[in-house]
Structures are given as structure tokens and as C-alpha cells.
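Trainee: First the structure, then my questions, so here it is.
The values are calculated or read from the model by the stated rules, or taken from the named source; none is laboratory data. As the structure is a computational prediction, the values presented were derived from the model and not from experiment. With ideal geometry, Cβ positions are generated from the backbone for all residues, glycine too; neighbour counts draw on all protein chains shown.
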Amino acid sequence: MKCNGAWPAAGLLAAIMALGVHRADAQDTAVSEDDAVPARPGVLFNRWQEDWSVLADPRVPRRPFDELKYIPFSATDPLMYLSLGADIRSRFEWNDAPEFGTGPNVSEAYVITRIEVHADLHLGSHVQVFTQLQSDWATWKKILTPVDQDRLGLEQAFVLITEPVDEGTVRLRLGRQQFAFDLQRFVSSRDGPNVRQSYDGAWAEYQRGAWKFIAFYTQPVQTQDEKPFDDYSSSSFTFSALRVERDQVAGGSLSLYYAHFKEDDVHFLAASGNERRNILDGRFAGARDGFDWDVEAMGQTGSLGPKEVRAWGLGSLAGYTWQSAHWSPRLGLQVDAASGTENLSGQTVGTFNPLFPNGYYLQLAAYTGYVNFIHVKPSVTLHPENHVTLLFAVAAQWRQTIGDGVYVMPDIPIAGTAGQPGRYSGSYGQARVDWIISPNAAFAVELDRFIIGDVLERAGGHNSNYAGVEIKYGW
């Protein structure tokens with residue numbers, strides 16, 4: 001109970017920010033729309049991508065604290081400025097059976113709160129320096145993991161250099177940073193849990209028209225939370241890649257990348273030792289005539305200790321939306337699969353490594369890991385209001401092979417499931433409400449219920465329930 005003071009402080013900050021939202025909304029209603037007036041930037045997932053230089057134009061409607069969003073350094077160059085900002089997210093979670101009740105975790109209710117503050121310095125159009133601090137608390141949580149709490153840490157600190165080259169643009173990013181690919185199935189900023197995933201390293205990209213080429217070398221940041229600013233990275237844990245993206249391909253976008261994943265002293269059910277994986281990933285996504293789709297496939301080769309790695313993962317989402325119908329219903333189908341190891345005592349490791357997944361791609365309850373599974377999930381999405389989304393889904397899952405275990409997020413095996421009969425591992429229902437309150441604030445509720453299969457019941461598990469209520473605000 002060493003973090004009992006976090007929730008009152010977070011609540012007070014949220015209340016102060018909410019007052020700012022109300023004042024801002026009142027001011028906006030008094031400003032007439034003018035197409036010639038630059039639009040205010042929205043609060044983006046990556047805060048460093050926001051451009052607040054529009055506030056150099058006196059015609060742009062003002063909101064409270066805009067003097068901190070745009071602090072100019074030059075009377076002649078509007079791109080010489082400093083911008084300050086903050087984010088807060090608090091989520092109440094209740095989970096009556098983490099790991100289906102098979103592990104040391106017990107039923108618990110707690111609040112995870114993430115507070116971030118940043119300073120974004122622009123030195124003209126070519127140089128940007130971005131720094132972000134985080135304070136992440138897990139109030140009332142009994143068993144803490146590295147993704148739950150980091151009471152004071154450096155989340156991002158990098159220099160971005162932008163240069164036009166041959167009708168395109170080169171961007172170099174050096175330092176501690178965050179990035180994510182596509183739907184964040186395998187490479188994410190880990191926004192679902194409390195502590196986001198950062199990477200120390202170098203990122204280079206060249207964009208020209210519909211093409212983008214990316215290369216990076218990073219050491220993923222690991223959280224300790226023993227004292228302030230003790231997060232670290234090392235050469236024993238690295239992730240690097242070469243990636244190419246192309247827009248406007250058959251009504252969608254296409255991407256392909258090769259990556260190398262290295263981590264020392266890891267432990268899988270099939271082997272232990274130093275892990276080296278070569279990764280090839282391809283994705284095709286788009287939307288057309290009411291249909292939308294997102295298909296991704298990944299293959300992994302390499303070694304884990306003395307054994308050879310041969311693993312694969314697949315992910316797909318598709319749906320159709322009736323835009324002109326009441327509430328714009330969308331019928332969707334999600335099908336995912338990831339390999340497991342056929343024979344744990346053999347010489348080949350088939351257990352898929354999900355790398356850096358974002359759990360909410362499946363569900364917030366983290367009952368399902370993207371390892372040794374087949375996952376089928378039909379869903380219905382409704383929009384009763386422009387800023388309100390309702391999601392209802394049911395899903396069933398099986399093990400890809402009974403030789404390997406049942407896994408929960410991210411890749412934690414349930415004891416007593418590997419090699420046991422019963423491919424079917426369970427089914428779950430999901431209900432979720434998302435409400436965009438304003439351009440700065442959002443609210444969400446999610447309810448999940450997982451009904452286990454025989455293999456989990458024999459391992460000592462039982463049916464599980466989850467509830468989450470989230471509020472977040474960005475300034």
C-alpha cells in the first residue's frame with residue numbers, strides 16, 4: 001500500500017483540467033468559423049507530432065493556458081517556440097481471477113493512474129527537442145509488475161532533425177522515444193497498461209510521395225521503480241528493423257519489414273538461454289465501399305539457447321459498415337493465430353514471441369496472450385451519437401498445439417496446461433463503450449467475461465470477470 005496518495009492527487013488534477021475544458025468550450029462558441037483561420041491542433045497519440053505554431057496567428061481562437069502552449073522565441077520566425085503539455089489517464093479495474101485464478105494473483109480492485117508532462121522545443125523548421133516525464137501509480141494493486149508502476153521516470157527525450165532531400169523528407173530521431181506499427185499487434189507503445197514502452201536508440205526515415213523507408217536500432221527500456229529515473233536499457237536486449245511502406249495500393253496501404261530481436265537469458269517452456277529472432281512481417285490494410293480490412297502475417301526464425309526457432313503469427317480484422325443506416329452499424333470479424341511448440345523436449349521452438357504487444361487489441365482483461373492460440377471474434381459496433389461508440393463481441397479460442405500451454409498477456413504460460421489434452425481453451429464476451437467528451441477528454445467502460453475450457457479447469461482455473469472504467473484528458 002505504498003502508493004495510497006496517488007489517487008486523490010490525480011483526481012484533483014483531473015478536476016482542474018476539466019474546468020479548463022468547460023471554459024474553453026464556452027469561448028469557442030463565441031468564435032465564428034472562418035476557413036482562412038488556421039485550425040487548432042488536436043491532442044495526438046504522439047504529442048511530439050502536434051504543431052502549435054498556429055497560435056502565432058492572432059485570429060486563432062484562444063483557450064485557457066494557450067500562453068503555455070505557444071511560447072515564441074522570435075518575432076519573425078513562428079517556428080521558434082516552446083510548447084508545454086500534460087496528459088492524465090486513470091482507470092479503475094476489477095479482476096476477480098487474474099491468470100484464471102491459477103497463479104498467486106487474487107481477486108482485486110485497484111486504480112492505475114498515468115500522469116505525463118512534456119516540453120516540446122522547436123528551433124525552426126529543422127530541429128525539434130522533445131522531453132516527456134511520467135509518473136505511473138497502481139493504487140491498491142496487491143501484486144505489481146513492471147507495466148503497473150513507475151513513480152517517476154523519463155519517458156521520452158529525443159532530438160528530431162528534419163531535412164528536405166530530393167523531393168522528399170528525411171527525419172532523424174535520436175534518444176529515448178516511442179513508436180508503434182499499424183494496429184500495434186506486435187510493436188506498440190503499450191498504451192493499454194499503465195507504463196508505456198519506450199526505446200533508446202536511433203530512428204531514420206525517408207518519405208517521398210506514397211513511399212516511406214524506415215530504419216532503426218533500439219534498446220527497449222526496462223522499468224525498475226526502485227528509485228526515481230532508474231529505468232534502463234542495455235545491449236543485452238535490442239530491437240532493430242528495416243521497413244518500407246506504400247500508400248495507395250489497391251485501395252489500401254502495404255508495409256513490409258525485416259527486424260532482429262535479441263534478448264539474453266530468457267525462459268520459455270521449450271528452452272532457456274539467449275534469444276535471437278529474425279522477423280519478417282507484412283501487412284495490407286484499407287477501406288473501400290463500406291468494407292474495411294487489416295491483415296498481417298509474421299514469420300520468426302533464429303535460435304533460443306541450443307534450439308532452433310521456427311514460429312509464426314497471423315492477425316486479421318475485417319468488417320462492413322452501413323454508413324447510411326441508423327447508428328451506422330458495423331459487422332466485424334477478427335481472426336488471429338500464433339504458433340506453439342509441438343514437442344517441448346524437441347530441438348525446435350515453435351512458440352511465437354509477440355514482441356511488444358498492446359493488450360487492448362484483444363481485450364483489456366489480458367486473459368488472452370498472442371501465443372499458441374487460434375482466436376475467432378465476431379463483433380457489432382454501433383454509433384448512437386457522433387462521439388459515442390458501442391462494441392459488443394464474443395470470441396472463442398483454441399490452442400494451436402496441445403504440446404504447448406495456454407498463455408495470458410503478454411506471453412505468460414498457465415502452469416499445468418502444456419501437453420495436456422483439450423485444444424479448446426475457452427470463450428469470452430466483451431462489451432465496451434467509448435465516449436469522446438471533447439477534443440481533450442475521453443471516457444470508456446469495458447466489461448469482459450471469460451468462460452474457461454476443460455484444459456484450464458483441470459489446471460485449477462475458473463471462469464473470470466473483468467471491469468474497467470477509464471477517464472483521460474490531454475492538454
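Trainee: For the condition part of a loop (DSSP other than H, G, I, E, B) and at pLDDT 90 or above, what is the one hit in Val43, Val111, Val54?
Mentor: That would be Val43, the only listed residue that is part of a loop (DSSP other than H, G, I, E, B) and at pLDDT 90 or above.
Trainee: Which of (1) in a strand (DSSP E or B); (2) out of contact with any strand residue (DSSP E or B) (no Cβ under 8 Å at 6 or more places or on another chain) does Gln323 not meet, given it meets every other one?
Mentor: The number of the failed condition is (1).
Trainee: Going through the range 70-88 one residue at a time, which ones are touching a residue at least 24 places away in the same chain (Cβ under 8 Å) and touching a Gly at 6+ places or on another chain (Cβ under 9 Å)?
Mentor: Asp77, Leu79, Met80, Gly85, Ala86, Asp87, Ile88
Trainee: Determine the pairs where a residue that is on the phi > 0 side of the Ramachandran plot, located within the range 423-447, has a partner that is part of a strand (DSSP E or B) and surrounded by 15 or more Cβ atoms within 10 Å (Cβ to Cβ) with Cβ atoms under 7 Å apart, the partner being 6 or more residues away or on another chain.
Mentor: That search, which allows pairs on different chains as well, returns Gly426/Gln397; Gly426/Phe450; Gly426/Ile452.
Trainee: Go through (1) surrounded by 15 or more Cβ atoms within 10 Å (Cβ to Cβ); (2) touching a strand residue (DSSP E or B) at 6+ places or on another chain (Cβ under 8 Å) for Pro61 and report which single condition fails.
Mentor: (2)
Trainee: Any idea how many residues of the range 59-82 are out of contact with any helix residue (DSSP H, G or I) (no Cβ under 7 Å at 6 or more places or on another chain) and in a strand (DSSP E or B)?
Mentor: Adding up the residues that qualify gives 3.
Trainee: Please go through (1) within 21 Å of Trp398 (Cβ to Cβ); (2) at pLDDT 95 or above for Asn278 and return the number of the only condition it doesn't satisfy.
Mentor: Tallying (1) within 21 Å of Trp398 (Cβ to Cβ); (2) at pLDDT 95 or above, Asn278 fails exactly one: (1).
Trainee: Related question: Go through the range 99-129 residue by residue and tally those that are at positive phi and buried (at least 16 other Cβ atoms within 10 Å of the Cβ).
Mentor: Qualifying residue count, the range 99-129: 3.
Trainee: Same structure, new question: Specify the residue that is surrounded by the most Cβ atoms within 10 Å (Cβ to Cβ); the eligible residues are those in the range 219-274 that are of a type in the set (Phe, Trp, Tyr) and farther than 24 Å from Leu183 by Cα.
Mentor: Out of the qualifying residues, it is Phe268.
Trainee: Quick one: what pairs do we get from the range 455-474, first residue of a type outside the set (D, E, K, R), second part of a helix (DSSP H, G or I) and at pLDDT 95 or above, C-beta under 8 Å, 6+ apart or different chains?
Mentor: What qualifies is Gly474/Arg47.
Trainee: Quick one: Leu133 ticks every box in (1) more than 30 Å from Leu456 (Cα to Cα); (2) surrounded by fewer than 19 Cβ atoms within 10 Å (Cβ to Cβ); (3) touching a Phe, Trp or Tyr at 6+ places or on another chain (Cβ under 8 Å) bar one, so which box is it?
Mentor: (3)
Trainee: Give the range 159-197 a look and list any residue that's farther than 21 Å from Glu245 by Cα and in contact with a Ser or Thr (Cβ under 8 Å, 6 or more places away or on another chain), or say none.
Mentor: Passing the criteria: Arg176, Asn194, Val195, Arg196, Gln197.
Trainee: From the list Val295, Val221, exactly one residue is without any contact (Cβ under 8 Å) to a residue 60 or more places away in the chain, of a type in the set (A, V, I, L, M) and more than 30 Å from Gln149 (Cβ to Cβ). Which is it?
Mentor: After ruling out the rest, the residue left standing is Val295.
Trainee: From the residues in the range 132-174 that are among the hydroxyl-bearing types (Ser, Thr, Tyr) and within 18 Å of the chain's Cα centre (by Cα), which one is modelled with the highest pLDDT?
Mentor: Ser135
Trainee: Just for the range 401-434: of the residues that are of a type in the set (A, V, I, L, M) and part of a loop (DSSP other than H, G, I, E, B), which one is surrounded by the fewest Cβ atoms within 10 Å (Cβ to Cβ)?
Mentor: Ala415
Trainee: Could you please let me know if Leu391 is free of Cβ contacts under 8 Å to residues at least 60 places away in the same chain and surrounded by 15 or more Cβ atoms within 10 Å (Cβ to Cβ)?
Mentor: yes
Trainee: Another one. More than 30 Å from Trp94 (Cβ to Cβ), touching a Gly at 6+ places or on another chain (Cβ under 6 Å) and crowded, with 22+ Cβ neighbours inside 10 Å: does that describe Thr321?
Mentor: Here the answer is no, as Thr321 does not meet what is asked.
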